[in-house]
Structures are given as C-alpha cells and as structure tokens.
Amino acid sequence: HLVPLVLAEISQHITDRHIIVSVAAGVTLASLEDLLPENSTVIRLMPNLPCVVQEGALLFARGTHAKPEDGALLRSLLHHCGLVEEGPEAWVDIHTGLSGSGVAFVYLFAEALAEGAVKMGMPSVLAQRIASQTVLGAGMLLRDSGKHPAQLRSEVCTPGGTTIHGLHTLEQGGVRASIMSAVEAATVRAQELGQKSAAGSRRVII
C-alpha cells in the first residue's frame, strides 16, 4: 500500500495546524495515527463518484485528536460536493458498500432497465437516455419528498397494473436480497482492507 510511504514522506512537515484528511479505502484512523506524528489531527473521509457533478454522498469520521470544529470545517469545505454526513468510523466501511460501491450497483440497474427496453424494441440511445432520467428523477423524488422508498413504490403501483407485475418478477428473481448481499459484500471487503492496512502499519513502525 502506498499510504505508509506517502505519510512517511510528509510527516516531517505536519504540525498541530494541519488536518490530515484521508480518502484511502480501508485505511483505518488507527493506522493513519500510528504512521503520523503524535497527536496529529486525522479525519477519514469516504466520497463517491457523483461528487464530480456536486451530487455526491460523503461520510467522514474524526480521529482521536480531531475536534468537532475540525469536522465542521471539513463539512463547510465539502458541502458543494453533495450530502456530507459524520459518523463513527465503523460506518465508513458501511458507507463504502452503500454509496461508494452502491453507485456501480445503480449503474448496473440503469443498464438493465435500458437493455430491457431495447429487448422490447426501443433504440439503444433513447433507452439509455430515458433510463438515466428515470434513475435521476426517482432519486430526486426520494431525497426531496422525505418519504420512505416503500411508500413511493406503493404510490406507483395500481391494482393489476404494469408496475406490480414487474415488481413481482423482480422479487421472484431475488433482486432485493441480491442488492442487500452486494452492500454486505462490499462492506466486508472494506473491513478486510482495513485489517490489512492495520497490519501493514504495524510492520512499517517495527
């Protein structure tokens, strides 16, 4: 991992005026603090790809010596990137599975939506454009309405209609369980990377 090498290179320049913000996946706060000068202010941050269009979801956790005002400063600097939340470090790995990797899960769903339309006869370019707008609109409505996803889903369904028939097929295919398992698998992998980074930092210190 390059993180120990990078931190070793910059450590001599770090003072109590600096806040070290890490976006390295799986590298724990404890590992970072072990590799930095004593009492360094460290924050672990996990962004996601939509930050590039200012619609990201970011979660950060403060290290041992990071104060609430350090978190507030980071939040003020990043709020233009999208939603910025703070939580305990254990949530950073969960956020990685939910939102860091979750972006790819949404893209896969959008791709499948478009391919379903192509299968039924719609041109590919148009299907992709409509699929992306569908995902965008659904996401904005979910965020801005404050309603639970299940409530919005039920509002789309009419008795005996097209949506409930489609949802039945998705449930038969185990889509809900597969998505939950995907988030779990990505989270577990992030935790595994954290364990490796902790072991690596100990080897470097020794």
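Quick look at the numbers
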read-out	value
Set G82, G100: member being under 13 Å from the mean Cα position of the chain (by Cα), of a type in the set (G, A, S) and within 18 Å of G26 (Cα to Cα)	G100
Criterion: at positive phi, among the small types (G, A, S) and at pLDDT 95 or above - qualifying residue of G139, G174	G174
Qualifying residue in the range 29-39 (condition: touching a Leu at 6+ places or on another chain (Cβ under 8 Å), in the same structural domain as A61 (by TED's automatic domain parsing) and of a type in the set (G, A, S))	no
Of all residues in the range 1-13 being crowded, with 16+ Cβ neighbours inside 10 Å and aliphatic (A, V, I, L, M), the one that is nearest to A190 (Cα to Cα)	V3
From the options S132, S154, S197, residue that is closer than 20 Å to I94 by Cα and either hydroxyl-bearing (S, T, Y) or at pLDDT 95 or above (or both)	S197
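Yes/no matrix, rows are residues, columns are (1) surrounded by fewer than 16 Cβ atoms within 10 Å (Cβ to Cβ); (2) at pLDDT 90 or above:
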| residue | (1), (2) |
| --- | --- |
| R17 | yes, yes |
| A24 | no, no |
| A30 | no, yes |
| L36 | no, yes |
| N39 | yes, yes |
| I43 | no, yes |
| V52 | yes, yes |
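The values are calculated or read from the model by the stated rules, or taken from the named source; none is laboratory data. These figures come from a predicted structure and were not determined experimentally. With ideal geometry, Cβ positions are generated from the backbone for all residues, glycine too; neighbour counts draw on all protein chains shown.
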